[in-house]
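I have placed the structure first, in the form of structure tokens, so that the comments after it can refer back to it.
The values are calculated or read from the model by the stated rules, or taken from the named source; none is laboratory data. Because the structure is a prediction, the values reported are computed rather than measured. A quick note on method: Cβ atoms are made from the backbone with ideal geometry, for glycine too, and the neighbour counts reach across all protein chains shown.
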Amino acid sequence: MPSIKVEKDRCKGCEMCTHYCPTQILGMSREINVKGYFYAQVNDPGRCLGCMLCAITCPDVAIVVHGTAVQYRMFDYFPAGGKQPAGDKV
């Protein structure tokens with residue numbers, strides 16, 4: 001089963017992870033971190049899909065997702081083979 005670790009002292013409480021989590025298992029703590037923000041916390045870890053949307057959308061890189069089982073991928077985050085498609089120009 002995937003697990004989520006939120007580094008509470010890096011979180012600035014923007015709530016992006018809570019918005020983008022497809023299972024809505026993340027919420028905001030009632031405690032304040034060292035920066036003075038309410039930080040994100042995992043409310044129902046058993047329902048985590050391991051999609052990593054919380055970690056990807058976190059602007060402070062405060063979330064790490066560890067997987068110990070099959071993870072469901074909702075999107076292809078990187079092109080196959082790690083190469084950019086031929087038609088796309090940067």
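For region 8-64, which positions are in a strand (DSSP E or B), without any contact (Cβ under 8 Å) to a residue 24 or more places away in the chain and not acidic (Asp, Glu)?
First, the residues of region 8-64 that are in a strand (DSSP E or B): 26-32, 38-42, 63-64.
Imposing the further condition that a residue be without any contact (Cβ under 8 Å) to a residue 24 or more places away in the chain reduces the set to 27-32.
Result: 27, 28, 29, 30, 32.
Of everything in region 1-23 that's within 11 Å of the chain's Cα centre (by Cα) and among the polar types (S, T, N, Q), which residue is modelled with the highest pLDDT?
18
Mind checking which residues of region 20-67 are on the phi > 0 side of the Ramachandran plot and among the aliphatic types (A, V, I, L, M)? Spell out the reasoning first.
Initially, region 20-67 is screened for residues on the phi > 0 side of the Ramachandran plot, giving 24, 36, 50, 52, 61.
Hits for region 20-67 are 52, 61.
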